[in-house]
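The values are calculated or read from the model by the stated rules, or taken from the named source; none is laboratory data. Quantities reported herein were computed from a predicted structural model and do not represent experimental measurements. Cβ sites come from the backbone with ideal geometry, for glycine too, and all protein chains shown count toward neighbours. SASA here: full protein model, heavy atoms, side chains in, ligands and nucleic acids out. Shrake-Rupley method; radii C 1.70, N 1.55, O 1.52, S 1.80 Å.
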Amino acid sequence: MSNSILEVVNLKTHLDTATGELRAVDGVDIKLRKGECFALVGESGSGKSMTALSLMRLLPEAGRIADGRVLLDGQDLLALPEAAMRAVRGRRVAMIFQEPSTALNPVLTVGRQITEVIERHTALTGEAVRARALALLDAVGIPDAARRCEEYPFQLSGGLKQRVMIACALAAEPEVLIADEPTTALDVTIQAQILDLLAKLQAERQMAILLITHDLGIVARMAQRVAVMYAGEIVEIADRDAFFAAPQHPYSQKLFDALPTPEKRGTELSVIPGQVPPLTGKFEGCRFVERCEVAYLRCRHEVPQLIAIPGDATAHRLVRCHLREQGLAPPPQNVSTEVEEGTLVAVASMPVIVEAENLKVHFPIHKGLFKRTVGYVRAVDGVSLAIHAGRTLALVGESGCGKTTAGKALLRLIAPTGGRVVFAGKDLSTLSRNALRKGRGAMQIIFQDPYASLNPRMRIADILSEGMRSLDVGRDDKDRMYRVAELLEQVGLPLEALARYPHEFSGGQRQRIAIARALAVEPKLIVCDEPTSALDVSVQAQILNLLKSLQERLGIAYLFITHNISIVEYLAHEVAVMYLGRIIERGTTAEVLGDPKHPYTQALLSAVPTVDGKREIIRLGGELPSPAHPPAGCHFHPRCPKAMPECREAYPEAVQLGRTRTVNCILYRASKAASSTPGRRGRCGTG
Amino acid sequence: MFAYIVRRILYAIPILVGVNLITFALFFIVNTPDDMARMQLGAKRVTPEAIEKWKAERGYDLPLVWNASAEGSAKATGTIFFQKSVRLFVFDFGFSEDKRDIAGEIRARMWPSLALALPVFLVGLAVCITFALLMAFFRASYLDFWGVVACVAMMSISTLFYIIGGQYLASKIWHLVPISGYAGGLDAVRFLILPVVIGVVGGIGASSRWYRTLFLEEMGKDYVRTARAKGLTEGVVLFRHVLKNAMIPILTGVVVVIPTLFLGSLLMESFFGIPGLGSYTIDAIQAQDFSVVRSMVFIGSVFYIVGLILTDISYTVVDPRIRLE
Amino acid sequence: MPVILVTDVLVWLLAAAATGYAFYCRRHPHLAVPWARVFRSTAAMASVVVLGVYVALGLLDSLHFRPELEKKDGEQKAYSSEVLSVLDLALSHLRGRSEKTYSAPLATRSFAKEQIELPDGRQLRDFPRLRFGGAHLQDEGEWAGDVAKRMLTGIAVAAALLFLIFLVMKIIRKRRPEIPWSAAYAAIAVLALLAGPAAALSSGYHVLGTDKVGQDIFYLALKSVRTSLVIGTLTTLVLLPVGIALGIAAGYFKGWIDDVIQYLYTTLNSIPGVLLIAAAVLMMQVYIDLHPEMFQTAVQRADLRLLFLCIILGLTSWTGLARLLRGEALKLSQLEYIQAAHAFGVRDTRILARHILPNVSHIVIIAMVMDFSGLVLAEAVLSYVGVGVDPSTNSFGTMINAARMEMAREPVVWWALATAFTFMFALVLAANLFADAVRDGFDPRVRM
């Protein structure tokens, strides 16, 4: 194509690993047009980040580019000497990274990190450089640029740091920007701000963006064209609209099916069985064949090529699948959008298993000469909630809102500063240490990071039986071993796993082991602390299915702590939204997500990128304030688009809006409760 | 930040008290003054009178911690603990076995010690950092490989070998410098060159390897990749980005030894006959002069604690994260 | 009559513990895998051979007894007051043959001139013939031929032995092809080619000369090995329990326990190491000197002094390990699997034993091997300062200390120093290389 700015031809990147040479990128072709946003989508290990680093020739030491060409305006970057390549980096092709907190140099000021790019790539000197840096900070939406210029990265929040990264990247006005998961480390409301910024800059500067992401929602929002990567290859390239209307490769289709959505409530999520094949070997056939439900004999013996589909109206679509030689795949079937409201209403009829009243966790802040306590971080500041037996309560909020602390305080893994927790009729704070220890079996927890939640030095059998031994579940060791075997079966792992160590398992398998460990002591309640946020979409689906079926069979209640709204929609019966240590809105899932009342809830929901991609976003300015110094009055008022003078005066009382529903906002004070707020369409109903 | 430093200084007090108690226990409880008198006078033919006389001459004839026979405050002050240990806090060290004023000796001998230790420290730091930077810059090349091999070999050689070998070569075979001795003023340079060179060479192995590890660790970090993505040259990346970050652990690691430079080096000073605190200590150890050893233990910890405080201050200088908190 | 020295017991216990640990590792992949990685390094395999030779010498030198004296008729069995070791027995030809004073390596005549009384009664000042070194030579002109012959014999024997080892290696190599056997073989070859001629020559000469009182330097060097090993290993044995217990406790329990332990190690740390050791050793010396009745033999006294030196070194150097482990335990106690254990109500002691300790074991191992070489070097320095081992104990430090004054002589007496430094260098270099391989093998950043 003539107007392409960056063209990647047959790129192959190999990594030296302990198990042999890994073909992380194995023949990738991409054309990036001027001013276009091109998304490269894939799960972890697909090779998308390695592709990006190869373009910049910034591979880690174990990596090398084995073959291919990277043409920037017709000039092959891979053939350039290193010195000439350095003149390209930052000047013509710039890059931003996933983790803004580590990607900036901690001991250089923000200003210095921007000016060094300007000095390197432009003829500007002296005051002009600084003026340009200030202009850049302004352009990326950093308020008070002159002051921020002198600050160090640690003084900036995550969102601001990513803006500084973007300013660095834009400093020399590059033609291409490579953004490697630019918002993965950020909260949704901040993510929305950064995505807006990128879209605006792209439009203004006619810059091409290569966006690397795992999130189909972000793709729908940002990209004009999409390429899906799997096991080092591109399996599908298409224009965005065509792709989202009807993905053609079986893998792309599966990615959509595995996404939890409200429409799939009550049904099992589609999962991709098996794992990505090891990239150290050679492939005889299609790389997806082992996991593909529609594979046939030919797929095993013949490597598919990227082909255009006969009879396809969209010109730019290419798919790597033998099946598509016969034509387009049938459009995806819409699942019934009817939600069984019945089950949701029935929540309240179940007995309450655990109830927290005015739960508080305050961490003291020590300062001054003698480390006196000068204040408190109010991580959890008066949370009340009730969880019904066999039901799921989702605790939703952004990072730093105190949701994890609240979950741990509920289990008394952190000693609460105030309030009480009543579990099965017993007030936990009145229990003796020993009684509490004995009662621990009834409440368990599953953690976020499957790599940190299993002791690497213990066999799976020991990990699973540890809790039983400690709590005297089971008669003897033999009895416990039977139970352990049963548990493994319940979570879908083979018996051989017992004698192995955690490092032999993948992330999803480890999370199953962690679930089995919690189940071992027959809990009534499990606190699930972001159990899927470290997992790929297809693995997430497996874990969600498992949790759901365990609840149906065993009647366990879940406190599901998450920031992922789509999981809530799929799994939870009730929702509580937290902001700065307090619950600001609660109700059944349909109530809260379908018709959010609190302005924060509304903004939060609107910021979540979804695959349908057509939603008006309520933009929130600023960031989450520090829980050490919450704003006076309503904590949310400095960011609230509907704030009134009164909001500053006192924290709003909870307003009961129905049998199951409360909201802490003065918009709904008794008098106003009747008049409905203007705002959004219902969410659960849209499809 | 001010409160932070004041707090660190206050924290030094209980530590010094602890050091004092440890030395008191070591010197007066493990062995009583009677034992020491017997030791000094020769264990065989010693009369009780001689012991009493020896103790009285040196002020060891007092009770250890509580003088029941004394009046008023002397019950506490008229003890060995007060006279010999507590008074260390005001740098009153008393007299050595050969009846010289220890504080005066320390004041006089500090400077020759420093004259040797300071150049070793500064030149050594510069040489090691340069060498480590070279290895880090040419990482995974032959220079790096053989550099590390040389470091490991050099740190496997005993300091004594460097000293003896250096003296033998430079003084005995080549007759470049005097084999040992010391003189005041500029003349000292003649005597100091060899020990300084030996001190620097002896330290290269361990330090360079350690710094190299620090540099490589920094070079693996994300911000270095960012710097490269900006198109900066490898030299700028190394000096502006990596060096500044790696200097934080290096500087704070070496600052702690700066005050202890006054104490000098035991081995070097005794081999080269430099009249510093190091040779003073060795002589005292070999003559079993406990008063001097006790004073040196105390003053050594004072210097170390000053070093710790300087470390804390240096953190605030080099690391903005601490300076601005 | 066997004599059981305290350090002997500890050394053999340590050897037994090391063997037990090896078997334990074989059955636990999280230990077996990093060790396998260690032994895949060529430097490690070569240094293991060298260390193995040193350890064998040290172990042989740790079996002590008092030889039976020849019985005069009718008397009871009597034992010599001299305590010997199995190594002494093997080297008896070196031990017994003392000259009067210095002699150069392989010399036939003494280093110093003496008044010699000629058979005719005249006195002459000349270098006298040695009592043992080259005494078998009728004519000193045969010296060169004799030395060459002995060297060739030694090399021939070594070569024959190497060939046998080569055959064995070929079989082993097939079974474990991933281990760099050639590195080990190269190290064995170098050692054999040095040891063969040395052994052949030592029956007729002083291979490395003699010291001031005429003792064979080669013998002294071999005897010094044990002291280095004892100091390098027993010190860590003392330091480990203290360092581990206090470090982990501080990091896990936090609060006032942490404060107390931190105060303790900052205080100990603030006393300059050499001074603290010197002060403690001086005090111990006074105690030992004033209580001679506690020791039966001089060897036992020297041995106890060695043990105390290890204890003092250990008690003054646990602080580094404790600080490392405190940091690690602090990090670990935040990890989710520890929290999961809390959620099961698992007791603290069990969490420490099952979760924390196994996950810091790599740090302990790395610290142990890293400390070893430092301690061997420190022994020499301390002995020089006068606060090291008993002057009657053979050690590299005492050897250097005794020989260093002779550098001023003309011509120089270099062989004692050179021998001590070479033996020490080989040991420390091997230990350093091995420690590097262990650190790389156990580095937690390498995912298992």
Kindly list the number of the only condition in (1) closer than 24 Å to B:Ile285 by Cα; (2) more than 14 Å from chain B (Cβ to nearest Cβ); (3) open to solvent by 40 Å² or more (accessible area, probe 1.4 Å); (4) of a type in the set (D, E, K, R) that fails for C:Arg326.
-> (1)
What tally of residues in the range B:103-130 results from selecting those that are farther than 20 Å from B:Ile193 by Cβ and either in a loop (DSSP other than H, G, I, E, B) or touching a Gly at 6+ places or on another chain (Cβ under 7 Å) (or both)?
-> 1
How about the range B:28-44: which of its residues are more than 7 Å from chain C (Cβ to nearest Cβ) and part of a helix (DSSP H, G or I)?
-> B:Phe28, B:Ile29, B:Pro33, B:Asp34, B:Ala37, B:Gln40, B:Leu41
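Quick one: would you say A:Ala231 is modelled with pLDDT under 90, among the aliphatic types (A, V, I, L, M) and surrounded by fewer than 24 Cβ atoms within 10 Å (Cβ to Cβ)?
Answer is no for this residue.
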Restricted to the range B:45-65 and to residues being in a loop (DSSP other than H, G, I, E, B) and open to solvent by 30 Å² or more (accessible area, probe 1.4 Å), the residue nearest to the other protein chains (Cβ to nearest Cβ) is B:Val46
Hey, can you tell me all the residues within the range C:341-356 that are touching a helix residue (DSSP H, G or I) at 6+ places or on another chain (Cβ under 7 Å) and either in a helix (DSSP H, G or I) or at positive phi (or both)?
-> C:Ala341, C:Ala343, C:Gly345, C:Ile351, C:Leu352, C:His355, C:Ile356
Among residues belonging to the range A:136-156 that are over 30 Å from the mean Cα position of the chain (by Cα) and in contact (Cβ under 8 Å) with a residue 40 or more places away in the chain, point out the one that is surrounded by the fewest Cβ atoms within 10 Å (Cβ to Cβ).
-> A:Glu150
Which of the residues spanning the range B:189-212 are open to solvent by less than 50 Å² (accessible area, probe 1.4 Å) and either over 14 Å from B:Met268 (Cβ atoms) or touching a His at 6+ places or on another chain (Cβ under 7 Å) (or both)?
-> B:Ile204, B:Gly205, B:Ser207, B:Ser208, B:Arg209, B:Tyr211, B:Arg212
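Within the range A:474-483, can one find any residue that is under 30 Å from A:Ile567 (Cβ atoms) and open to solvent by less than 40 Å² (accessible area, probe 1.4 Å)?
For the range A:474-483, residues under 30 Å from A:Ile567 (Cβ atoms) and open to solvent by less than 40 Å² (accessible area, probe 1.4 Å): absent.
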Please tell me if B:Ala68 is part of a loop (DSSP other than H, G, I, E, B) and more than 14 Å from chain C (Cβ to nearest Cβ).
-> yes
If you go through the range C:276-314 one residue at a time, how many are within 9 Å of chain B (Cβ to nearest Cβ) and either open to solvent by 10 Å² or more (accessible area, probe 1.4 Å) or farther than 19 Å from C:Thr227 by Cα (or both)?
-> 12
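Quick check: is even one residue across the range C:38-59 outside any helix (DSSP H, G or I) and surrounded by fewer than 17 Cβ atoms within 10 Å (Cβ to Cβ)? Walk me through it before giving the result.
Restricting attention to the range C:38-59, the residues satisfying the condition of being outside any helix (DSSP H, G or I) are C:40-41.
Imposing the further condition that a residue be surrounded by fewer than 17 Cβ atoms within 10 Å (Cβ to Cβ) reduces the set to C:40.
Yes - at least one qualifying residue is present in the range C:38-59.
For the range B:134-146, state whether one or more residues are of a type outside the set (Asp, Glu), assigned to a helix (DSSP H, G or I), at the interface with chain C (Cβ under 9 Å from one of its Cβ atoms) and in contact with a helix residue (DSSP H, G or I) (Cβ under 6 Å, 6 or more places away or on another chain).
no
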Kindly provide the set of residues from the range A:439-461 that are within 7 Å of chain C (Cβ to nearest Cβ), under 15 Å from A:Val521 (Cα atoms) and open to solvent by 10 Å² or more (accessible area, probe 1.4 Å), ordered by number.
-> A:Arg440
For the range A:84-130, name all the residues that are surrounded by 24 or more Cβ atoms within 10 Å (Cβ to Cβ) and part of a helix (DSSP H, G or I).
-> A:Pro100, A:Ala103, A:Val110, A:Gln113, A:Ile114, A:Glu116, A:Val117
From A:Ala220, A:Ala167, A:Ala133, residue being touching a Phe, Trp or Tyr at 6+ places or on another chain (Cβ under 7 Å), buried (at least 18 other Cβ atoms within 10 Å of the Cβ), among the aliphatic types (A, V, I, L, M) and part of a helix (DSSP H, G or I) = A:Ala220
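When the range A:462-471 is examined, which residues are found to be in a loop (DSSP other than H, G, I, E, B) and more than 10 Å from chain C (Cβ to nearest Cβ)? Spell out how you get there, then give the answer.
Quick first cut of the range A:462-471, residues in a loop (DSSP other than H, G, I, E, B) only: A:471.
None - no residue of the range A:462-471 is in a loop (DSSP other than H, G, I, E, B) and more than 10 Å from chain C (Cβ to nearest Cβ), so the list stays empty.
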In the set B:Thr226, B:Thr233, which member is open to solvent by less than 20 Å² (accessible area, probe 1.4 Å) and either within 7 Å of chain A (Cβ to nearest Cβ) or out of contact with any helix residue (DSSP H, G or I) (no Cβ under 8 Å at 6 or more places or on another chain) (or both)?
-> B:Thr226
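Say whether the condition of being closer than 30 Å to C:Gly441 by Cβ and part of a helix (DSSP H, G or I) is met by at least one residue in the range C:195-216.
Among the residues of the range C:195-216, at least one is closer than 30 Å to C:Gly441 by Cβ and part of a helix (DSSP H, G or I), which makes the answer yes.
Filter the range C:400-415 for residues that are under 21 Å from the mean Cα position of the chain (by Cα) and either open to solvent by 20 Å² or more (accessible area, probe 1.4 Å) or outside the structural domain of C:Cys310 (by TED's automatic domain parsing) (or both) and give the result. Don't jump to the end; show me each part of the working.
Pass one, the range C:400-415, residues under 21 Å from the mean Cα position of the chain (by Cα): C:400-403, C:415.
Residues satisfying the conditions are C:Asn401, C:Ala402.
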Which numbered condition C:Val381 misses (of (1) more than 30 Å from B:Asp289 (Cα to Cα); (2) of a type outside the set (Lys, Arg); (3) facing another protein chain (nearest Cβ under 10 Å)) | (1)
Hey, A:Pro645 hits all of (1) under 21 Å from A:Met578 (Cα atoms); (2) at pLDDT 85 or above but one; which does it fall short on?
-> (1)
Name the residues in the range B:71-90 that are open to solvent by less than 60 Å² (accessible area, probe 1.4 Å) and either in a helix (DSSP H, G or I) or touching a Lys or Arg at 6+ places or on another chain (Cβ under 7 Å) (or both), would you?
-> B:Ala74, B:Ala76, B:Thr77, B:Ile80, B:Phe81, B:Lys84, B:Ser85, B:Val86, B:Leu88
Would the range C:288-307 turn up any residue that is modelled with pLDDT of 90 or more and small (Gly, Ala, Ser)?
-> no
Taking the stated definitions as given, is C:Asp348 open to solvent by 40 Å² or more (accessible area, probe 1.4 Å) and under 20 Å from B:Ala284 (Cβ atoms)?
-> no
Number of the condition not met by C:Glu293 [criteria: (1) in a helix (DSSP H, G or I); (2) touching a residue at least 12 places away in the same chain (Cβ under 8 Å)] = (2)
